[in-house]
Structure formats: structure tokens, C-alpha cells
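The values are calculated or read from the model by the stated rules, or taken from the named source; none is laboratory data. Quick caveat: nothing in here was measured; it's all calculated off a predicted structure. No Cβ is skipped: glycine too gets one built from the backbone with ideal geometry, and neighbour counts run over all protein chains shown. Just the protein is used for accessible areas: all its heavy atoms, side chains included, with ligands, DNA and RNA removed. Shrake-Rupley method; radii C 1.70, N 1.55, O 1.52, S 1.80 Å.
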Amino acid sequence: MNFKKLGNTDLKVSTICLGTMTWGEQNNQKEAFEQMNYALDSGINFFDTAEIYPSPCFEKTYGSTEKIIGNWFKEKKNREQVILASKISGPGLSWVRNGGPQYSEQNIKKAIEDSLKRLQTDYIDLYQLHWPERKTNFFGRLNYKHQEKEDSWNDFEKILIILEKFIKQGKIRYIGLSNETSWGLSKFLEVSKLKTLPKMMSVQNSYNLLCRTYEIGLAEISIREKSGLLAYSPLAGGFLTGKYRNNNLPENSRQKLFADYYTRYNKPNTSIVIEKYFDIAKKFNLDFAQMSIKFCEIQKFLTSVIIGATTIEQLKINIESVNVNLTEEIIRKINDLQIIYPNPCP
């Protein structure tokens, strides 16, 4: 396993992070325990979850994933072996603290304390804001439209002051962002410097062969400011495993079960581009999924790649990507294809 520092902290996290968002929906507790056991035995020390998981996110399953992880900690008594990341939900979900702005002191306090109870732990290593409160582009949205009279949202300084309180209490150790923009990250970093407040150590955004928009502006900030990417969806929701090629729709797959919910990677040019990336993997005798994950892992602006799996077999393949070598020729062919078909699924 490979390791990198989380931001400018002393925490060394595995460059493969175990994603958990299927647990409680597509995976039961027994299967989740098996995945956590295997991941830990394989050298992974970094797990990522969220208060609203599993995904798709529904009121009836809210918090289920954190409960499963908490039960595992209780059984294994190994909390100190895991660097644990979780997230507070952004606004918009009516069943999460009434759905309005979420980053007030009252809501953050309740979110943290409820997550700690479900996780059966005294602290969360990395606590992330799941998506911005303000009206901006995230989850693949384009064409930003600015509103002169914006809905209310908590400003950056206020949020950092609140989070600092919980860091001082020992309930969270470090903080990060998710689904954030270049402007959002830069403002948080600016305020933390000017006001001597906690720094955002990471940004958890989508990054994969079909969506490399992080490279446009955020990559430079990540490197210069030591606030690296935690890349989610490195396999583009399974499309970069090849399992949906030729219009296949495997039973129990995400697209079979939740196609209407996960539309980000089902775009007009997706199948064309996937075939061309698949051909690159085939030419160099690489597993398509492993090539896709490894391309993410080797980026200088990246801290860790978040992998998720619904079967232990998938998990083993994904973790084994750490041992894959992408030659300069392979990377050149990938980049040449990106020029012809730039970010088909932003």
C-alpha cells in the first residue's frame, strides 16, 4: 500500500480509501464487515463515510452506514487502526434537520454528536462539509448562474470558528470539503490564514477518466496549499469497469437498481469514450478498473482514491490497483483521448 500525508498534518493515509456508501442498501452488515476486514488486512487505514449514507439517500436508511461501522469498531476494538472520515450533510434534504442551511453551530453540533454515537467513537479524524450551502455548481452541474439576492448561507469565517470549537473539544481532529469549487476552497483557505483558524485539509470531489474537471483550477490549489483531492467515483459509478459495455445491465448493479438516481455518467458520449479507454487497457493487458483507479492515484494533487464495491471480489480487484504500473506510453494515450473527448461526464 502507498501512503500520503493528509494536508499538512502528521496523518499518513493510504492512497486507497475504503468507500462505504453501499453499506445498508446494497450491502448488509456482514458483507460490510468482510470488506472492512479485508481492507485493513490489505494495508488500507483510511475509511470514508457520511451521515446520510447509504446512497441513494433516503430517510428510512439515514445513518445506517455509520451504525454499521460503529458496530464493527465495537466488535473489533480497533478504532485506533483506522483514520476515519465522515461528513455533515449540506442543505436540501427535508429529513436532515429540516433541510435548510446546515452549517450553523446548532446543526453542526447535533450532526457531530449523532455521528459519534452511531460510529461508537469519541472522535472523527476528518470531518467534511458534504456540499456547499450557497447556490453554486456541484454534482456535475454546469452553467453557473449567479443570484444577486442569494438565499441565506453561513459564511466561511463563521463555519471555521464553529468547527474550531469541536476540534478543541477533541470531537473532530481535522476538517475538509466535499463537492466544492475553486472559489470555495480558496476562500476557506484565505480566511483560515487571515484569522488563524483551522485549515481545510482536503477536498472530496469526483475525479475519473470521464471527469477530469478537477485539473482545471482545483489541482493547482491542492498542490500549492497542501489541500489534496480525495477522489470519489474513480470508476464513474461502475462505467469504468466495463460492466455496462455493449448495453449490458448486470443484475443488482447500480444502473440496474438506481439508473434514475445516478445519471451523471450516463451521457451521450459515454459509451464511445469508454470503448476507447477499454481498448487502451486491453492493448496493454491491464484490468480496465485497475487502470482507471491507478490513473487517479498517481496524480500529484491527489491524496487518496475512494473505492467502493458491492462484492469482495470487486474490492480485491480495486485494491490490487496499487501494484499496477502505468507507463509513459499508456498515460500519453489516455491524455490524447482526453483531448479528443474532454470530460464527457463533468
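Assorted remarks:
- Anisotropy class assigned to the range 206-346 is rounded, per the alpha carbon gyration tensor with a/c under the 1.5 cut-off.
- Over all projection directions, the Cα-based convex hull of the chain averages an area of 16.8 nm².
- Cα-based Lys proximity count in the range 94-172, under 14 Å, for pairs eight or more positions apart or on separate chains: 10
- Accessible surface, the range 283-346, averaged per residue in Å² (probe 1.4 Å): 46
- Cα principal axis extents for the range 180-264, largest first, Å: 53, 20, 15
- Cα-only Debye scattering, the range 87-235: base-10 log of I(q)/I(0) at q = 0.12, 0.16, 0.17 Å⁻¹: -0.50, -0.91, -1.04
- Estimated FRET transfer efficiency (K256, K60; beta-carbon r; R0 25 Å; 0.05): 0.75
- Each Lys or Arg adds one and each Asp or Glu subtracts one; over the other residues with Cβ under 15 Å from the Cβ of C345, this totals +4.
- Candidates L177, L230, L160: whichever shows maximal mean-square fluctuation once the chain is modelled as a Gaussian network with Cα springs under 10 Å: L160
- E275 accessible area, assembled protein chains, probe 1.4 Å, Å²: 60
- Rounded if a/c under 1.5, otherwise prolate or oblate - the range 40-108, Cα gyration tensor axes: prolate
- Compactness check for the range 283-346: Cα Rg over 2.2 N^0.38 Å is 1.18.
- The convex hull of the Cα atoms of the range 1-60, projected and averaged over all directions, covers 4.8 nm².
- Length gained on full extension, K300 to K109: 65.3 nm, using 0.36 nm per residue less the C-alpha separation.
- Accessible surface of the chain [probe 1.4 Å, protein heavy atoms]: carbon and sulfur percent: 48
- Among I44, F188, W95 the positive-end extreme of the charge dipole of the chain (Cβ point charges): F188
- Mean Cα-pair separation over length for the chain, i.e. relative contact order, pairs under 8 Å, 6 or more apart, %: 18
- Remark: accessible surface ordering of T303, T327 (largest first) is T327, T303, probe radius 1.4 Å.
- Helix-only [θ]222 nm of the chain, DSSP H runs n ≥ 4, -39500 (n - 2.57) each, per residue, nearest 500: -11000 deg cm²/dmol
- Once all protein chains are placed together, E105 keeps about 80 Å² accessible to a 1.4 angstrom probe.
- Neighbour net charge for C211 - beta-carbon separation under 14 angstrom, K R +1, D E -1: +3
- Solvent-accessible area per residue for the range 1-128 (1.4 angstrom probe, square angstrom): 40
- Taking the C-alpha atoms of the range 24-155, convex hull volume expressed per residue in Å³: 124
- Sites K267 and L194 - FRET efficiency at Förster radius 35 Å, r taken between beta-carbons, to 0.05: 0.30
- Rounded accessible area of R141 (nearest 10 Å², 1.4 Å probe): 130
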